[in-house]
Amino acid sequence: MNKYTFSTQSGKAYYCNSIPGFIKDNSSSIVGQLVRHSFEINKEQSDAWDKQIHSLQSKLEACGMEGDIIFEYDIVRLGKRIDVILLIRHMVFSLEFKNGKNVFTAQDAQQAEDYAIDIKNFHKESEDLYVCPILIATDAPRYSKPQSTGCYPDKQIFLQRENIDSLAEKLAEIIELYGSDDPINFEKWFNSPYHPTPTIIAAAVEAYTTHDISEIANSEAGQDDIDSCEKKLSEIIEYAKENKKKCVCFVTGVPGAGKTLVGLDVVAKNLKAGNDNLSVYLSGNGPLVEVLRAALTKSVRDKKQYNRETQAAINALIQSSYAFKKDNARNQYPTPENILIFDEAQRVWNADKMTRKHENDPDMSVSEPHLLYRIMDRHEDWAVMICLVGLGQDIYDGEVGINEWFRCGIEEYQEWELFYSPAIFEQTEDKNIDQFLIRSCNRCHEAWELHLKTSVRSFRADKQCQFVDAILDNNPDKAKNVYSQIAKKYPVYITRDYSTAKAWIKKQVRGSQRCGVLASSSAQRLRPEGIYVPTEIDVKSWFLAPSDDLRSSNMLEIVASEFKVQGLEIDWAIVCWDADLRRKDAAHWDHYGFRGTKWYRRKQPELQRYLVNSYRVLLTRARQGMILFVPKGVEPDVDSTRDSAFYDEIFHYLKECGIPELNS
């Protein structure tokens, strides 16, 4: 079989060939292969590829290079694609092209060097090879400053900056210094598994364990609860390790109880135990992954401990569950990590959703819990999965809930032991959860320590969740009663004037506290009030940028939806309430979406639940307090989509729940 066929690639690249084969190949054919494996490629990108291919063909032919070439090589687990890889004379060249650029920027240089760091630290077959990163600004003049061709102790050569004409000359120079005649097994290199090196693990320990994780995963949970939960998890990990067992643990608790903090702590503490206890923190919540990584990076930079491996180490510890699944679905290797922490485990996809999202990959056509069991079950000795379970916040279609985790563990993976707190039955919204199946299985063990019950120190978080639940459960009397208990510690107001809401929220913020504007993703008729809900925002800057940065939440200019803030918190919030969730009558909500020029009723129960849970997420993001903004609307003959009756009914209901009005 031709070693360059896509059958061996497992989706890891768009094109590969020997360098002589690449030189002879038709450039249009190569571009066609690149485009076929890409998404949303425009003419500008395809033209750039065409120019890049022609240039590389002529330069590599002129210098008679032998070896292999790979376009768009995927470091899957880290979610990065490298423009071009050259495997020449027992060396790896990582090329980052900036087509049409006539300058070398610091940002581009960092990107190019980061790719080489990732290859050195996570690509097993490159661990002992020389790796040289080259930044190619195609239209730039020759780099004017002296460039060292030295290398780091791990055989990563210093970054080289070249234009398209000087590239071949630099390749020859580096090869003369570091190349050898030892062969590289292409297929083995190409399909090399993800494998963090001892160097990167050491950097991770330094980055992670010298910082107060509680500063990053803000929590009001009682420390006694957290200590008890972490102690139990440590006991289960040791039990699994000593007895060669496979265990899954479910950690539950109300929003703000500290589940994320527990997960991050488990990663940090097991890093100290060495390579045998490697762990990874996974989340399907992209914004959460971005913000946690950025917060940890900022913490390291602030303490002057950032180095060339730090960012790669942080990215290795906190990862996207999508990238983890994609990397491990097809291969048969056990993961480097024996411990997997999976955040927001209630949001996993069912088999139908997985099949739709991965229609060309039969290995992914199972439920998400089933796939993760299958991946971690490859360990011959021991493995532990820790599922952090948020409650009542499923906001996407196709989310299968917690019962699928239990079903898979009990029925399909019968060597696994399951540990849970009975509190999971009272707090989960998953109506399909089979208590009898769980309680009657002798591999399912009760462990009350795995539920983060709120203590005196988290009184506010506990009662705030009860308050929000009562509002959304159409129980205004209970909401009013609970609010009377938290009003002094957790103020909540309502207003019909947006400028009043912003003025109040700004007065509350002290020191480094953060405030922000929140609204449902389906809140499309707030625009006349100047409130736009974008699909995408720079979530890292929204949560972490300084207050005078226009991208910061504190500027109150960029509105975040439930999809961007789930799993994260700010101190003070303006929650904008639109007519998507309105009153049907005195005892029920009515559920709407907006399409084109009018509202439409959400009739399916699951879509109604997703909408209510969207508001549940929005109403539980603030740690200190919040103000609700309900527009006044207009007469229906002026704009029927903003009928004042919609908003008046919402406003009066919320006042009935005990929320006082704040007048301008």
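The values are calculated or read from the model by the stated rules, or taken from the named source; none is laboratory data. It should be emphasised that the depicted structure is a prediction, and the values quoted were computed from it without experimental measurement. Cβ sites come from the backbone with ideal geometry, for glycine too, and all protein chains shown count toward neighbours. The protein model used for the area step is the full one, side chains on, heavy atoms only, and it has no ligands, DNA or RNA in it. Shrake-Rupley method; radii C 1.70, N 1.55, O 1.52, S 1.80 Å.
Which residue pairs have Cβ atoms under 9 Å apart, sit 6 or more places apart or on different chains, and have a first residue in segment 545-561 that is without any contact (Cβ under 8 Å) to a residue 60 or more places away in the chain and a second that is aromatic (F, W, Y) and open to solvent by 10 Å² or more (accessible area, probe 1.4 Å)?
Listed pairs, sorted by first residue: S552/F543; S553/F543; I558/Y532; V559/Y532; A560/F543.
So P334 fits all but one of (1) open to solvent by less than 30 Å² (accessible area, probe 1.4 Å); (2) modelled with pLDDT of 85 or more; (3) more than 17 Å from K80 (Cα to Cα); what number is the exception?
Tallying (1) open to solvent by less than 30 Å² (accessible area, probe 1.4 Å); (2) modelled with pLDDT of 85 or more; (3) more than 17 Å from K80 (Cα to Cα), P334 fails exactly one: (1).
Condition test on S440, is it modelled with pLDDT under 85, farther than 27 Å from R609 by Cα and either open to solvent by less than 20 Å² (accessible area, probe 1.4 Å) or more than 27 Å from the chain's Cα centre (by Cα) (or both)?
The answer is no for S440.
Quick one: which of Q156, Q147 is at pLDDT below 95 and crowded, with 23+ Cβ neighbours inside 10 Å? Steps first, please.
On the way: Q147 fails: crowded, with 23+ Cβ neighbours inside 10 Å.
None of the other options fit; the residue is Q156.
State yes or no: is D590 without any contact (Cβ under 8 Å) to a residue 24 or more places away in the chain and either open to solvent by 10 Å² or more (accessible area, probe 1.4 Å) or in a loop (DSSP other than H, G, I, E, B) (or both)? Walk me through it before giving the result.
Numbers: without any contact (Cβ under 8 Å) to a residue 24 or more places away in the chain: yes; either open to solvent by 10 Å² or more (accessible area, probe 1.4 Å) or in a loop (DSSP other than H, G, I, E, B) (or both): yes.
Here the answer is yes, as D590 does meet what is asked.
Find the residue count for segment 593-606, including only residues that are in a strand (DSSP E or B) and surrounded by fewer than 17 Cβ atoms within 10 Å (Cβ to Cβ). Spell out how you get there, then give the answer.
Within segment 593-606, the first condition is being in a strand (DSSP E or B), and the residues that meet it are 593-595, 598-601.
Adding the requirement that they be surrounded by fewer than 17 Cβ atoms within 10 Å (Cβ to Cβ) leaves 593-595, 598, 600-601.
The total comes to 6.
Would a scan of segment 43-51 turn up a residue that is touching a residue at least 60 places away in the same chain (Cβ under 8 Å), in a strand (DSSP E or B) and not small (G, A, S)?
Looking for residues that are touching a residue at least 60 places away in the same chain (Cβ under 8 Å), in a strand (DSSP E or B) and not small (G, A, S), one finds none in segment 43-51, hence no.
Quick one: is L618 open to solvent by 30 Å² or more (accessible area, probe 1.4 Å), of a type in the set (A, V, I, L, M) and at negative phi?
So L618 fails the test.
Only residues that are surrounded by fewer than 16 Cβ atoms within 10 Å (Cβ to Cβ) and in a loop (DSSP other than H, G, I, E, B): list them for segment 101-129, please.
Scanning segment 101-129 gives N102, V103, T105, D128.
Scanning segment 67-91 for residues that are among the hydrophobic types (A, V, I, L, M, F, W, C) and at pLDDT below 90, which turns out farthest from the chain's Cα centre (by Cα)?
Filtering segment 67-91 for residues among the hydrophobic types (A, V, I, L, M, F, W, C) gives 69-71, 75-76, 78, 82, 84-88, 91.
Among the residues that remain, those that are also at pLDDT below 90 are: 75-76, 78.
Working: I75: 16, V76: 14, L78: 11 Å.
My answer is I75.
Quick one: which residue in G567, G511 is within 26 Å of E344 (Cβ to Cβ), open to solvent by 10 Å² or more (accessible area, probe 1.4 Å) and assigned to a loop (DSSP other than H, G, I, E, B)?
After applying the criteria, what remains is G567.
When you check G625 against the structure, is it open to solvent by less than 30 Å² (accessible area, probe 1.4 Å) and at pLDDT below 95, yes or no?
In short, yes.
Condition first: closer than 13 Å to H90 by Cβ, of a type in the set (V, I, T) and within 36 Å of the chain's Cα centre (by Cα). Now tell me which residues in segment 158-201 satisfy that.
I184
Return the residues of segment 650-664 that are open to solvent by 90 Å² or more (accessible area, probe 1.4 Å) and either at pLDDT 95 or above or in contact with a Lys or Arg (Cβ under 8 Å, 6 or more places away or on another chain) (or both); say none if nothing qualifies.
Result: H652, E656.
Just checking, does segment 553-573 include any residue being among the acidic types (D, E), over 28 Å from R496 (Cβ atoms) and over 23 Å from the mean Cα position of the chain (by Cα)?
Filtering segment 553-573 for residues among the acidic types (D, E) gives 557, 562, 569, 571.
Subset that is over 28 Å from R496 (Cβ atoms): none.
Among the residues of segment 553-573, not one is among the acidic types (D, E), over 28 Å from R496 (Cβ atoms) and over 23 Å from the mean Cα position of the chain (by Cα), which makes the answer no.
Please go through segment 629-644 and give me each residue that is open to solvent by less than 30 Å² (accessible area, probe 1.4 Å) and of a type in the set (S, T, N, Q), ordered by number.
The answer is T641, S644.
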